[in-house]
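Read through the structure below, which is laid out as structure tokens, and then see the notes.
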Amino acid sequence: MPQKIAIVTDCKYRSSIAVIRALGRAGWQVIAAQAQDDVKAPPPAFFSRFACSRWLAGSAQNPDYPARLLALCREFQSPVLFPVGAVTLNCLAKRQEEFRQAARFLVAPGPVLDALNDKEQVHRRARELGLPVPQEFAGEPDRYPVVVKPRCGEKFGLKAQDRYRVANHAQEYQAAVQALSRYDPKPIVQEKVEGAGFGASLLLDGTGRLISAICHQRVREYPILGGPSACCESVYNEEKVEAAYRLLRSFNFVGLAMVEFKGSRILEVNPRVWGSFPLTEQAGSPFALRYAQAAAGEKVPEYQGQDYQAGVRMRFALNDTLAALSLAKAGRVKEAWAAGLDVFRAKEALGAKDDPGPARAYFRQTLFHRK
């Protein structure tokens, strides 16, 4: 039986570690790939014992990156290509015909990705489907607080915490519009929805069938006033999975995406590997493996409901420690105390007893090799 081969790209991102482990444990030969753009040291994913070989060359920003990635794919017999970062994902989306001659993958066409990255288009489609979204204001809002954000903050390379501004009164609103107008002359203005952040992450095969899903709820984020998840917990919500599937299916989406909710309302779609993807590993979800199987053309059954462990709490130790310190400094003592308890009850996002190398490399590089 021929060896199943997968190339996992963009290994500078922590999420790649969970992908490599999931496929390696399932018997796949995994090539860990990373373009040498802003990498000062071999990425932590390269230290996984499940990475059979490593590819590190050039820069993802160079025009020759697609050609070099294509050449890597051609070294193997139709490998599965698992793009972790947005640069590679967009490369595959725009050059699908060329790459399909050398590799297999589940990636939506460029126009579909562009539409899902556009918050205004997502909200318009959600309203057409009868799915709740935050109220938007055409001009200056008549009540506060509101959130001001460009239609696609990622397009400009903004970090998660810089992709929006919260305005509690008219003066802050004017300042937010002025600050974000450099990225979008008419940024979106919408009501600030209270409640915990919730993500429904789905995987759709080449025919649009739902073949895997996992839900999570944010527990803490860092920075604490709005940033990526520092601690989250696996949950299950069939209603949100169904809503997310209706939305993605309406765009003829293929691949993996996380639909972000606040309360019952849809905020946005991240049509790529999301930041808390390591929870798929910690909660025992077959998400990464299902991607590889479907991309390779294997018969994968349609998703029938929860197939992972709910109630698994996961933390990114360094970010969550900073969140705890920030909460304590802000006088939110109860929340800071709860964060301290999670040191003992939550799983470390990058930890694995059978593969300690990536976590060790990550902590070593983050703590001692930063400039």
So, residue 268, is that one assigned to a strand (DSSP E or B), in contact (Cβ under 8 Å) with a residue 12 or more places away in the chain, of a type in the set (Asp, Glu) and closer than 24 Å to residue 10 by Cβ or not?
yes
Identify the single condition in (1) open to solvent by 30 Å² or more (accessible area, probe 1.4 Å); (2) more than 27 Å from residue 295 (Cβ to Cβ); (3) small (Gly, Ala, Ser) that residue 230 does not satisfy, given that it satisfies every other one.
(1)
Search the range 226-240 for residues that are farther than 11 Å from residue 279 by Cα and pair each with any residue that is assigned to a helix (DSSP H, G or I) and open to solvent by 50 Å² or more (accessible area, probe 1.4 Å) when their beta-carbon atoms are under 7 Å apart and the residues are at least 6 apart or on different chains.
226/161; 227/161
Just give me the residues in the range 271-286 being assigned to a loop (DSSP other than H, G, I, E, B) and either of a type in the set (D, E, K, R) or open to solvent by less than 30 Å² (accessible area, probe 1.4 Å) (or both), in sequence order.
271, 272, 273, 274, 276, 277, 283, 285, 286
Going residue by residue through the range 353-369, is there one that turns out to be out of contact with any helix residue (DSSP H, G or I) (no Cβ under 7 Å at 6 or more places or on another chain), modelled with pLDDT of 95 or more, outside any loop (DSSP other than H, G, I, E, B) and open to solvent by less than 50 Å² (accessible area, probe 1.4 Å)?
yes
Residue within the range 90-104 that is outside any strand (DSSP E or B) and closer than 26 Å to residue 41 by Cβ present
yes
The range 6-19 residues that are in contact (Cβ under 8 Å) with a residue 60 or more places away in the chain, paired with ones that are open to solvent by 10 Å² or more (accessible area, probe 1.4 Å) and of a type in the set (Asp, Glu) (beta carbon under 7 Å, 6 or more apart)
16/10; 18/281
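So that you can scan it fast, the table gives a plain yes or no per residue for (1) within 25 Å of residue 274 (Cα to Cα); (2) out of contact with any Lys or Arg (no Cβ under 7 Å at 6 or more places or on another chain):
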| site | (1), (2) |
| --- | --- |
| 314 | yes, no |
| 330 | no, yes |
| 334 | no, yes |
| 339 | yes, no |
| 343 | yes, yes |
Please give the number of the condition residue 350 fails out of (1) assigned to a loop (DSSP other than H, G, I, E, B); (2) out of contact with any Ser or Thr (no Cβ under 6 Å at 6 or more places or on another chain); (3) of a type in the set (A, V, I, L, M, F, W, C); (4) open to solvent by 30 Å² or more (accessible area, probe 1.4 Å).
(4)
Within the range 196-220, which residues are within 15 Å of residue 268 (Cβ to Cβ) and surrounded by fewer than 24 Cβ atoms within 10 Å (Cβ to Cβ)?
197, 198, 218
Please go through the range 332-371 and give me each residue that is basic (Lys, Arg), farther than 18 Å from residue 224 by Cα and out of contact with any strand residue (DSSP E or B) (no Cβ under 6 Å at 6 or more places or on another chain), ordered by number.
345, 353, 360, 364, 370, 371
Kindly indicate which of 103, 175 is touching a strand residue (DSSP E or B) at 6+ places or on another chain (Cβ under 9 Å) and open to solvent by less than 10 Å² (accessible area, probe 1.4 Å).
103
Qualifying residues in the range 49-84 (those that are under 24 Å from the mean Cα position of the chain (by Cα) and aromatic (Phe, Trp, Tyr)) - the one most open to solvent (accessible area, probe 1.4 Å):
55
For the range 20-72, what are the residues that are closer than 30 Å to residue 284 by Cβ and assigned to a helix (DSSP H, G or I)?
20, 21, 22, 23, 24, 25, 44, 45, 46, 47
Being under 15 Å from residue 216 (Cβ atoms), of a type in the set (Asp, Glu) and outside any loop (DSSP other than H, G, I, E, B), is that true of even one residue in the range 287-309?
no
List the residue pairs whose Cβ atoms are under 7 Å apart, where the first residue sits in the range 311-334 and is under 22 Å from residue 214 (Cα atoms), the second is open to solvent by 20 Å² or more (accessible area, probe 1.4 Å) and β-branched (Val, Ile, Thr), and the two are 6 or more positions apart or on different chains.
313/219
Given the options 259, 254, 300, name the one that is open to solvent by less than 20 Å² (accessible area, probe 1.4 Å), within 16 Å of the chain's Cα centre (by Cα) and on the phi < 0 side of the Ramachandran plot.
259
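The values are calculated or read from the model by the stated rules, or taken from the named source; none is laboratory data. Because the structure is predicted, anything quoted here is derived from the model rather than measured. As a convention, Cβ positions derive from the backbone with ideal geometry for all residues, glycine included, and neighbour counts pool all protein chains shown. Quick note on the areas: whole protein, heavy atoms, side chains included, nothing else; ligands and nucleic acids left out. Shrake-Rupley method; radii C 1.70, N 1.55, O 1.52, S 1.80 Å.
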